[in-house]
Each structure stands twice: as structure tokens, then as C-alpha cells.
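What follows draws every value from the coordinates through simple rules; no lab data is involved. On a predicted model such as this, the values are computed, not experimentally measured, just so you know. Heads up, the Cβs are rebuilt from the backbone with ideal geometry, glycines too, and the neighbour counts pull from every protein chain shown.
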Amino acid sequence: MSEQRKTHSQEPNDELAKSPRGPVTPAQPASAKEIRMLALEHGTGRDHLYENHPVTRNEVAVATPPLREAYGAIEGVIVHRDPGTCLLGDFRAGKSTAIERAVRELQQTFPDLPVGIALAKGHDAFTQGTFFSDLLVDFAHGGALRGTAQEKRLRCLNMLLAHARELRSDRYLLMVDEAQNWGEQQWTWLRDLANDMAIKRVRLVTIAFGDGACLSELRALLLARRRTDLIGRFLLSPREFRGLNSEEELKATLEEYDDPRRSAYPIGSDVSYSEFFLPKSWGRGWRLAHEAQGMWSEFKAVSSRSGKSISSIGMNWIGGAVRNFLFVESLTDDLDRQSQPGKWVQPVLACGFESTLF
């Protein structure tokens, strides 16, 4: 991913940038030292930060190796002005998190490119009106539920064109999450919308994220029905969105938790995610990346008990195990991290990974 992005620690957040003695007035902005003290010293300020921490809220979106691969594919589509691509991943591989992180990166790399996220939904009775209502709801449009199907379609068209014109762009990037929920008819409606945008000299570029097996079945069905118009526009070059497949990749991921340039909280501090939860251990030289071997070994052990060989672990399972580990270990931050055998057994068990090995 681009190294030119803004880091979390560049600008203090007004709500979080408070000194230990109380809120800081606009005339007296909190210093980095004061924000750091607030984050690491026991008190109501730290309690508030704990409750809203990305790890606590399960909102961590670190740049894993698979996510970097996905971003490279998305970036290539944009640069080469392709109509789009699709990324296929297994259950809980972290596709939604990848979209969130990719959008943040795109806003830094391509500031003049309008980007929108659509969540493909399933319905018992799917109509054109339902389809465009869903899109308008995803974009928080006030007219999402009013009017006929054609009126909703026109609102959607005008909304996307207005966004593109606002940024003086001749492209609009639409990221589709849970893309397996759309079938032939839904993709046809989106194709028609793209054609209308093209008439107005705005190209719709689509990146579809979805379940690998389901989207592969849809692609095979469309090929059998000779819907090359849909294949060529939306599903031409499927790419794998995988989980972590080695201890080395896990270590690189855990290093993201350790790096305050990429994962700082609160904003405006130099406190990394892992330091926030284990500040005393951090001060003695411990880093979450040191845990890669023990964590990976425990995932392998769980797989072995289920008679499976480990090949790829989705980021949701990795993130869940890390969260569980940091919660539990923070209670005994005074202890030596290296002297606790079996410390990853419970965190990996609690993340639910084993229940997926059927």
C-alpha cells in the first residue's frame, strides 16, 4: 500500500485530546505527552478510551499481507481504467474489513476519485425498486424509500454523477460487499446504470467482494447463459482474497499492532494498539510480534485436533484471538510475558476458529 498516507497520529482528536486534569480548552490543545498520559495512566480518561478502542470495538483494520495484495489489485484496476474485478474469499476472511481499509487508502492515493460502498442484500422478492432502494439506503439518501422504481433509479444515477462531478472525476469506484447475494438480474440492473453513467461521460468501476464458492457458481451460470456482458464488466478476472498462510505473515500482521505510525490510539498519540493494553510489558521490551510463533502453533494445534491441515486463517479469527489475548493479559501486565506457557490456548479457543473446521 502507499506509504504516502496520513498516519493516525498526525492530528489530535478534540474529544480524546484531554489532559489528565480535565478537558483541554481550544486555546490550550493537549500535547502528545498529555495524550499519552491519559491513555496509559489509570483513570476515567483511560476507561473511556478502553471502551472506545478499535480493539475493544472489534474495528481493527490493519494492513495484512493479503490486504496489501487486494489493494494492489484494486489500484491496478483504477490505474489501467479496467471495468472492475472481483475478489473471492472464504467465510470470515476479513472482506468487509479489507473494503474499509482499502477505501481509507484510496482516499489518500486517489483523492479525486469518488468511492462508494454498497452492501449487496438478499430478498425473498427482489424487484428493481428494491435494488435501487438498497443502493440509496447504503448511501444514506433521503429518498431511498419514496417513489417508483424508475424514480429511485434516477435518484441513484444522479447521486453518483453528482459525486463524480463534485470531484471533477470521469470515474466512480463502487465497492460491493457480500456480492454473492446478487444474481443475474441485479448485475443486469447495475450494468444498465453503468451504461447510463457512461453516456454522461462517467465510467463506473466495480470491485466485488464475495464468498468464493457462491460467486464462482454465479460466474459459471452466467457463462452457461452466455452473459459475457456481465462477466466482462463485473466478473472477468476473479482474484483470491485469502487469509494469512504462514507464521511470517502473522508476524507481519502483529507488527502492525505494534507500530504507532499505523495503529495509534488515541489519535494524536504515539501509543500503539499493543502498548495501550500492556504498557508495562511494552516498557520492558515486549512486542505483540514476539507472540507470532506461539499463536501460530496454537492455530495449528487446533487444526490438527480437528483432523485438518492449516492453509489459511481469516483475519477475523486472527483479530479475535489477538483481542482475547490482550484483554486477558492486560490483567497481569506486571508478569513476564515470556514465562507463561500455553497462553494462546484460551484466546484461540474463544475466537471460534475451531467451530469452522468441519
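Nearest 10 degrees is fine. How inclined is helix 149-166 to the longest principal axis of the chain, computing both from alpha carbons? On a 0 to 90 degree scale, this one is about 60. Expressed per residue, the C-alpha convex hull volume of segment 166-250 stands at 127 Å³.
Where is the GNM fluctuation largest for the chain (alpha-carbon springs, 10 angstrom cutoff): GLN150, GLN108, GLN180? So, out of GLN150, GLN108, GLN180, the one fluctuating most is GLN150.
Charge dipole of the chain (Cα centre as origin; +1 on each Lys and Arg Cβ, -1 on each Asp and Glu Cβ, all else neutral): 920 debye, rounded to the nearest 20.
Close lysine pairs were tallied over the chain: pairs 8 or more places apart or on different chains with Cα atoms under 19 Å apart number 10. What is the diffusion coefficient of segment 198-290 in µm²/s, taking the Kirkwood radius over Cα pairs and the Stokes-Einstein relation at 10 °C with a viscosity of 1.306 mPa s? It comes out at roughly 92 µm²/s. Annotation: amide H-H contacts under 5 Å for GLY84 (H modelled 1.01 Å from N, sequence separation of 5 or more, or interchain): THR206.
Spatial offset of segment 286-318 relative to segment 100-179 amounts to 38 Å, using the alpha carbon center of each. Note on segment 32-92 and segment 208-273: Cα centroid distance 13 Å, given to the nearest whole angstrom. Backbone geometry of segment 75-88 corresponds, through the Karplus equation with coefficients 6.51, -1.76 and 1.60 at θ = phi - 60°, to 3J(HN,Hα) couplings of 4, x, 4, 5, 5, 8, 6, 6, x, x, 7, 10, 10, 9 Hz, x marking Gly and Pro.
Note on the chain: Cα-only Rg and Dmax are 22.8, 69 Å.
Taking Cα atoms only, the orientation of helix 95-109 departs from the longest principal axis of the chain by about 90 degrees.
In plain terms, the chain from ARG146 to GLU166 could stretch by 4.7 nm, reckoned as 0.36 nm per residue minus the Cα-Cα distance. Percent of Cα pairs in segment 33-130 per distance bin of 5 Å, from zero to the largest separation: 2, 9, 15, 16, 14, 13, 13, 9, 5, 3, 2, 0. So what's the angle, to the nearest 10 degrees on a 0 to 90 scale, between helix 184-199 and the longest Cα principal axis of the chain? Approximately 80 degrees, to the nearest 10.
Sorted into 5 angstrom bins from 0, the C-alpha pair distances of segment 65-240 split as 1, 8, 18, 22, 22, 17, 9, 2, 0, 0 percent.
When each of the peptides 112-121, 140-149 is scored by how many other beta carbons lie within 10 Å of its residues on average, the order from highest to lowest is 112-121, 140-149.
Dividing the summed -39500 (n - 2.57) terms of all DSSP H runs of n ≥ 4 by the residue count of the chain sets its mean residue ellipticity at 222 nm at -14500 deg cm²/dmol.
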